[in-house]
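So the structure is just underneath, and the comments pick up after that.
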């Protein structure tokens, strides 16, 4: 049973979280953490209950988890970071996840399964991880909903995270599963329970047929229907919003697609036949339409981890982003087997920056790096090519630095060496030298002698 010490532990845990910048705000990150924690605890907590105490036990656990939110709420009010959307995530994430985890283990316990905790934990892990991976590798969206951990709204670059109606709709599905699992063991004993179980089954069937329309998932076929327009080129299937693009604009954009693809495949030595394996290009009218359909607002993206080659770009981002995103598409041909990309985020984004020949209007990538002394050393480069270093530091600087470095590698070494380094993420092995030597050679050969400023 829940004791006073459990509330004290929850308050202490909430206070300790205040020292972790990413999750100390009363918003989606901390709500997601509370949902995962609460769901897992509920799995173990339900195994020791009985019919007469189940409601009290799950209610007590919910109050304990929400007690941990009190320090976060006080902090948010004190620093002026309180958000109704953050409160909404806290309402819909932890409580429903706790109910979900508890009801699963309770179902196995009541129906007589031995080791109900193990069964409950297995189902929770399958739903929490398996459901996510299924959507990640089959659907083009970059937002996710999950019964165990709540959900994730989209890319880290978008500046605003709001509670949408899709969260409420999806959590109604979670609640339907909770009620069904709760009453199903007793349907033979009570007509009320039988009616509730039947109602939940009907509701689940209806809900799962309306997932796309309610913003829970975004299959490619649904996006294609919603956009409405279609234009084919030699290598591309372009889906677009006809209300936002004139015939002249679309013809020019289609020509850009083919031109950039031809240049990039030539530069990277790719002989892949895209006429048989066509690239799908999704062109949205504006960032808000793209956010509604994919979860990404201002972020153009390529889900390289999926088998189908595709790009998702809003109209305002086509000119600055099309070539950059096409680099990611082309590089899939020599990426690793799991992600179709490199294990090194610096190589992934560095290649896209290196082959994006646009200028920022002031200076080239090499000029930006050459003008920013001190020049990057081996430690800076190694950090930029790691996930934590790339996103943990100044990402804009890392984009520029890795882009200049990859550009130099492509100029000075055979492209086959880069392709192997990209696939494995092992720069030193593929170039036969160390990261102590390569940045020094780059600085001495391109920046220090002024060629980077040419």
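Those residues that are surrounded by 21 or more Cβ atoms within 10 Å (Cβ to Cβ) and closer than 16 Å to residue 340 by Cβ, I need them from the stretch 280-302; list them, please.
Answer for the stretch 280-302, where residues must be surrounded by 21 or more Cβ atoms within 10 Å (Cβ to Cβ) and closer than 16 Å to residue 340 by Cβ: 301, 302.
Conditions (1) at pLDDT below 70; (2) out of contact with any helix residue (DSSP H, G or I) (no Cβ under 9 Å at 6 or more places or on another chain), marked per residue:
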residue: 321; (1), (2): no, yes
residue: 325; (1), (2): no, no
residue: 351; (1), (2): no, no
residue: 372; (1), (2): yes, no
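What number of residues in the stretch 304-324 are under 15 Å from the mean Cα position of the chain (by Cα) and either under 17 Å from residue 160 (Cβ atoms) or surrounded by fewer than 22 Cβ atoms within 10 Å (Cβ to Cβ) (or both)?
So the count comes out to 3.
If you take the residues of the stretch 164-191 that are at pLDDT below 95 and loosely packed, with under 15 Cβ neighbours inside 10 Å, which of them is nearest to residue 84 (Cα to Cα)?
Among them, the one singled out is 165.
What number of residues within the stretch 218-252 are closer than 15 Å to residue 322 by Cβ and surrounded by fewer than 16 Cβ atoms within 10 Å (Cβ to Cβ)?
The first filter runs over the stretch 218-252 and keeps only residues closer than 15 Å to residue 322 by Cβ, leaving 231, 233, 235-236, 238-240, 245, 249-252.
Filter once more, keeping what is surrounded by fewer than 16 Cβ atoms within 10 Å (Cβ to Cβ): 249, 251-252.
Number satisfying all stated conditions: 3.
In the stretch 19-55, which residue that is touching a residue at least 12 places away in the same chain (Cβ under 8 Å) and more than 22 Å from residue 151 (Cα to Cα) is surrounded by the most Cβ atoms within 10 Å (Cβ to Cβ)?
46
Applying the selection to the stretch 124-143, what residues are without any contact (Cβ under 8 Å) to a residue 60 or more places away in the chain and either part of a strand (DSSP E or B) or closer than 23 Å to residue 310 by Cα (or both)? If you could, list the steps in order and put the result at the bottom.
Taking the stretch 124-143 as the starting set, the residues that turn out to be without any contact (Cβ under 8 Å) to a residue 60 or more places away in the chain are 125-127, 129-134.
Within the stretch 124-143, 131, 132, 133, 134 meet the criteria.
Determine, yes or no, whether residue 161 is at pLDDT below 95, under 30 Å from residue 288 (Cα atoms) and touching a helix residue (DSSP H, G or I) at 6+ places or on another chain (Cβ under 9 Å).
For residue 161, the condition - at pLDDT below 95, under 30 Å from residue 288 (Cα atoms) and touching a helix residue (DSSP H, G or I) at 6+ places or on another chain (Cβ under 9 Å) - is met.
Please work out if residue 172 is touching a residue at least 12 places away in the same chain (Cβ under 8 Å) and either over 26 Å from the mean Cα position of the chain (by Cα) or assigned to a helix (DSSP H, G or I) (or both).
yes
Inside the stretch 213-231, can you point out the residues that are under 29 Å from residue 272 (Cβ atoms) and either assigned to a helix (DSSP H, G or I) or without any contact (Cβ under 8 Å) to a residue 12 or more places away in the chain (or both)?
220, 221, 222, 223, 224, 225, 227, 230
Answer yes or no: is there a residue in the stretch 149-159 that is within 30 Å of residue 329 (Cα to Cα), surrounded by 22 or more Cβ atoms within 10 Å (Cβ to Cβ) and touching a strand residue (DSSP E or B) at 6+ places or on another chain (Cβ under 8 Å).
yes
Given the residues 32, 70, which is the only one that is at pLDDT 95 or above, in contact with a helix residue (DSSP H, G or I) (Cβ under 9 Å, 6 or more places away or on another chain) and farther than 20 Å from residue 128 by Cβ? First the steps, then the outcome.
Values: 32 fails: farther than 20 Å from residue 128 by Cβ.
After ruling out the rest, the residue left standing is 70.
Condition check: at positive phi and crowded, with 20+ Cβ neighbours inside 10 Å. Does residue 269 satisfy that?
no
Residue 8 passes all but one of (1) in a helix (DSSP H, G or I); (2) in contact (Cβ under 8 Å) with a residue 24 or more places away in the chain; which number fails?
Only one criterion is unmet by residue 8, namely (2).
Residues that are surrounded by fewer than 21 Cβ atoms within 10 Å (Cβ to Cβ), without any contact (Cβ under 8 Å) to a residue 60 or more places away in the chain and in the same structural domain as residue 30 (by TED's automatic domain parsing), at least 3 per element: which helices (runs of 4 or more DSSP H) completely within the stretch 59-123 meet that?
Those helices (runs of 4 or more DSSP H) span 70-79.
The values are calculated or read from the model by the stated rules, or taken from the named source; none is laboratory data. Only a predicted model underlies this, so the values are computations on that prediction, with no experimental measurement involved. Positions of Cβ are generated from backbone atoms using ideal geometry, with glycine treated the same way; all protein chains shown enter the neighbour counts.
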